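> Encoded as structure tokens, here's the structure I'll be asking about.
The values are calculated or read from the model by the stated rules, or taken from the named source; none is laboratory data. Remember, it's a predicted structure, so these values are computed and weren't measured experimentally. Counting neighbours? That spans all protein chains shown, and the Cβs are built from the backbone with ideal geometry, glycine included. Ligands, DNA and RNA are stripped out before the accessible areas are found, and what is left, the full protein with its side chains, is counted by its heavy atoms. Shrake-Rupley method; radii C 1.70, N 1.55, O 1.52, S 1.80 Å.
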Amino acid sequence: MAAIPLNRLYRKLSSADKQRVKHNVWIRYRLDLRDRTYLAPPSVTLTPLAQAHIEQLRTHPNSTRDQVASGLRFWKHGLREGFIWLDEDNEPLCFIWLFQAKHNALLRTLPDWSGMYPPLPTGWARFENVFTFGRGLRRPGGAATDFAYAVLARLQQQSLKGLLTHVHIDNLMARRWVERIGFQPIGTTVRSQLDVPYLRHRPWFFHGSHTAPPPLATTVRRVNASVE
């Protein structure tokens, strides 16, 4: 099944019983850190994620938001690399998780979503689970872009080659945002679930490439200026 070309897969899913087949599509993006130099905005202070931040997130009013909840699951699973930006009152403005090749073994055992993350090559990282809190949204221009540039500058200092990420096809605002900071679309990921015995709890993931960006979705779903 994995060898079926992506366009043929789309036709099969589109013609299937909608009650039996559920699928979601993400646009995959790539950013080569060797193409330009990134400068960290002086207002941004990056702090590596630590246990104290996780405890703070667990009791935060946004703790039930998808990105916060999934971040807490990443931490529990052992995926503990990323940055957080705290304001002068020690309140979070933004956070991000980062996956690298050293995390490939952990990603393969991630419940339900392991297929979302193909193995990362050495020198590349995955830009994952960016989230902007209410305080960050209230900053002039929002905090997400400055935060992202600070992270890119830090990763360049660490001599990383580039980054990968993905955004749901319907999340138009996040797609425009990642493209604005330099990511280029390189393909799609389809997550399919079949509502039949033995398979309904085993989603399948299909990763395809393309040479031209897919059209932007007309349905806009705001997700707090976050990447997912």
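> Residues of the stretch 162-178 with backbone nitrogen within less than 15 Å of a virtual label 7 Å along the Cα-to-Cβ line of Ile186, please, listed as ranges.
162-167, by backbone N distance to the label point.
> According to the square roots a ≥ b ≥ c of the eigenvalues of the Cα gyration tensor, what is the shape class of the stretch 14-209, taking rounded for a/c under 1.5, prolate for a/b larger than b/c otherwise, and oblate for the remainder?
Prolate.
> Okay, moving on. Mind ranking 131-142, 23-34, 92-103 by how tightly packed they are, going by the mean number of other C-beta atoms within 10 angstrom, highest first?
For the peptides 131-142, 23-34, 92-103, the packing ranking is 92-103, 23-34, 131-142.
> Calculate, for the stretch 118-201, the solvent-accessible area per residue in square angstrom, rolling a 1.4 angstrom probe over the heavy atoms of the protein chains.
That works out to 42 Å² for each residue.
> Could you pull the accessible area for Thr47 with a 1.4 Å probe, rounded to 10 Å²?
40 Å²
> Could you give the dipole magnitude of the stretch 14-209 about its Cα centre, charging the beta-carbon of Lys and Arg +1 and that of Asp and Glu -1, in debye to the nearest 20?
560 debye
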